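Chemist: Got a structure for you, written out below as structure tokens; questions coming shortly.
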Amino acid sequence: MQRRAFLAAAGAGVTATLAGCVGPSLSSSEYDIGMQSNAFVPDPAVEGADVPTFEASAGDTVVWANTGSRNHTVTAYEDGIPEDAEYWASGGFDNEEAAREAWAQSIGGGGIVRPSETYEHTFEVPGDHYYVCIPHEGAGMVGKIVVTG
């Protein structure tokens, strides 16, 4: 009987210890857009949008957080941002082709935002800014930032 009590207590302790290791340790107040297994999850999301959409004002910094357990990227579609906007992507790439090549060629991928990590970008140019998670693009992991002037 004592052995069962010990094993139950030990098992509960291990479970409690491991609980802190599984999943993100970020508070939802620390980011604007979460990244789950195959989706960007803006908070608050723009209702009725064609893709998950977040609204920001020119000069705002938007923060993405990997709230899931998979690696992600935040990569602007070069033809999906306003003409006057500077290109942006996790990993600091100068263009979409470089971001895609880095993902394809490096072990583990270039521009990774790992679980519990964040990426941020300050938007200066008003308009629609479309972006993608390169490894999960086929699953529909795309999003949009609407920047108002």
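Chemist: May I ask you to list the residues in segment 41-65 that are open to solvent by less than 60 Å² (accessible area, probe 1.4 Å) and assigned to a loop (DSSP other than H, G, I, E, B)?
Modeler: Answer for segment 41-65, where residues must be open to solvent by less than 60 Å² (accessible area, probe 1.4 Å) and assigned to a loop (DSSP other than H, G, I, E, B): A45, V46, A49, V51, P52, A58, G59.
Chemist: What number of residues within segment 66-79 satisfy the criterion of being assigned to a loop (DSSP other than H, G, I, E, B) and in contact with a Phe, Trp or Tyr (Cβ under 9 Å, 6 or more places away or on another chain)?
Modeler: 4
Chemist: What number of residues within segment 43-81 satisfy the criterion of being farther than 14 Å from E137 by Cβ, touching a residue at least 60 places away in the same chain (Cβ under 8 Å) and out of contact with any Lys or Arg (no Cβ under 9 Å at 6 or more places or on another chain)?
Modeler: Residues meeting the conditions: 8.
Chemist: Hey, another quick one. When segment 99-128 is examined, which residues are found to be within 29 Å of T148 (Cβ to Cβ) and more than 17 Å from the chain's Cα centre (by Cα)?
Modeler: Across segment 99-128, the qualifying residues are E124, V125, P126, G127, D128.
Chemist: Suppose we keep only residues that are open to solvent by 30 Å² or more (accessible area, probe 1.4 Å) and in contact with a helix residue (DSSP H, G or I) (Cβ under 8 Å, 6 or more places away or on another chain) within segment 112-149. Which one would you say is farthest from A56 (Cα to Cα)?
Modeler: Here the answer is P135.
Chemist: Checking the conditions here, which among D43, D32, D60 is at pLDDT 95 or above, under 15 Å from the mean Cα position of the chain (by Cα), under 21 Å from T118 (Cβ atoms) and of a type in the set (D, E)?
Modeler: Answer to the check: D32.
Chemist: Answer with yes or no whether S37 is at pLDDT below 95 and closer than 19 Å to H136 by Cα. Before the answer, list the steps.
Modeler: Numbers: at pLDDT below 95: yes; closer than 19 Å to H136 by Cα: yes.
The answer is yes for S37.
Chemist: Collect the residues in segment 86-111 that are open to solvent by less than 20 Å² (accessible area, probe 1.4 Å) and of a type in the set (G, A, S), keeping them in residue-number order.
Modeler: Those that are open to solvent by less than 20 Å² (accessible area, probe 1.4 Å) and of a type in the set (G, A, S): A89, S90, A99, G109, G110, G111.
The values are calculated or read from the model by the stated rules, or taken from the named source; none is laboratory data. Just so it is clear, the model here is predicted, and its values are computed rather than measured. Counting neighbours? That spans all protein chains shown, and the Cβs are built from the backbone with ideal geometry, glycine included. Surface areas here come from the heavy atoms of the whole protein model, side chains and all, with no ligands, DNA or RNA. Shrake-Rupley method; radii C 1.70, N 1.55, O 1.52, S 1.80 Å.
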